[in-house]
1. Taking only Cα atoms and a 10 Å spring cutoff, compute GNM fluctuations for the chain and point out the largest among Ser143, Ser157, Ser257.
2. Highest GNM mean-square fluctuation, the chain, Cα pairs closer than 10 Å: which of Val266, Val68, Val275?
3. Taking Cα centroids, how far is region 1-33 from region 49-114 in Å?
4. So how far apart, in nm, are the two label points at Asp246 and Gln84 if each is 7 Å from Cα heading toward Cβ?
5. Suppose only helical runs count, i.e. DSSP H with n ≥ 4. What mean residue ellipticity at 222 nm does that imply for the chain under -39500 (n - 2.57) per run, divided by all residues and rounded to the nearest 500 deg cm²/dmol?
6. For region 133-169, run through the chymotrypsin sites (Phe, Trp or Tyr not before Pro) and keep only the ones in DSSP coil with at most 12 other Cβ atoms within 10 Å of their Cβ.
7. In nm, give the distance between the simple-model label positions of Arg140 and Tyr163, each being 7 Å from the Cα along the Cα-to-Cβ direction.
8. What is the list of residues in region 260-275 whose amide nitrogen lies under 19 Å from a point 7 angstrom out from the Cα of Ala36, following Cα to Cβ?
Amino acid sequence: MTNYQNIIKQIHGHLSLQKNYGEVAEYIPELAQVNAEKFGVYLAMVDGQSYCVGDWQDSFSMQSIVKVLLLSLAYTKLGGRLWQRVGVEPSGTPFNLLGILENDNGIPRNPFSNAGAIVVCDVLMDLYEDPRQALLQLVRELSGDNFIQFNKQVAESEKTEGYRNVALINLMKSLGNIYNDVDEVLDLYFDCCSIAINCEQLAKTFLFLANHGQTIDGHTRLLNPSQAKRINAIMLTCGFYDEAGDFAYKVGLPGKSGVGGGIVAVLPEKYSIAVWSPRLNDKGNSYRGLKFLEQFTTDTQLSIF
């Protein structure tokens, strides 16, 4: 029987002794204040077992990880019609690049770029009377924690520095792929990215993608098995900005990162794992988070490959 607690403790201990490279996301003032040496891990198994180490109880900003949940909310309502507004191809470019949008007539390459997530927010404004509450209710239900909340300070901090996102949404609006008021869509996007969550809550939230679209207790089904498969596929190919191929090569799991330093990854029918370490590499992904997950799938020999 695999001793998961011992494995994650050993990897965490080893990496904690190594130099921690990278920088926190200083371009978002509120995130610049985070303790850069924090490091937590939580492993949630489909069979109900769980294992944790380090700063797994500390909350951090969800940031781009929330894009998976926004996509799931839209996909469960629209199905394949959603792909008329946003593609499913890896972009191979930074998450906030403007250049290819005009060539693509305002259709983002995938829903995990900033442009793609902004389009999904625009879609959600037409699908839900209160998309913020729909998202918050979903996270609380999936995680089993009714105290998860938006972080207003982080949202406001992003709004003061979100110039590239303003440029992205206005370009897409001019090309006919944003239907609602640009300020209202951006406010929704920033608010959703601000959700404060810890490693335990995050790993449990994503267990539905390790369990064919439903919670392990069977009480909530967000996606059907075919949709869950497709979301996992997009996470594998597009979940790490222009480092997605490297993550698939080294780690071999569907996953999603955020500039708050969090990473969540899933192995269908087995587990969901969340790692948090705020120092980011030059691609915007957690340096220690990537190192941890690479070693974890190597030591456990559990990946999709």
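1. Ser157
2. Judging by the Gaussian network model, the answer is Val68.
3. Result: 23 Å between the Cα centres.
4. Between Asp246 and Gln84, the simple spin-label model gives 3.8 nm.
5. Calculated from helices alone, the mean residue ellipticity at 222 nm is -13500 deg cm²/dmol.
6. When the chymotrypsin sites (Phe, Trp or Tyr not before Pro) of region 133-169 are filtered for loop state and at most 12 Cβ neighbours within 10 Å, Phe147 remain.
7. Simple spin-label model gives 3.8 nm for this pair.
8. So the set is 260-263.
Read-outs: derived from the displayed coordinates by stated rules, not from any lab. Model, not experiment: these values are computed from the prediction. All Cβ positions, even for glycine, are placed from backbone atoms using ideal geometry, and neighbour counts span all protein chains on display.
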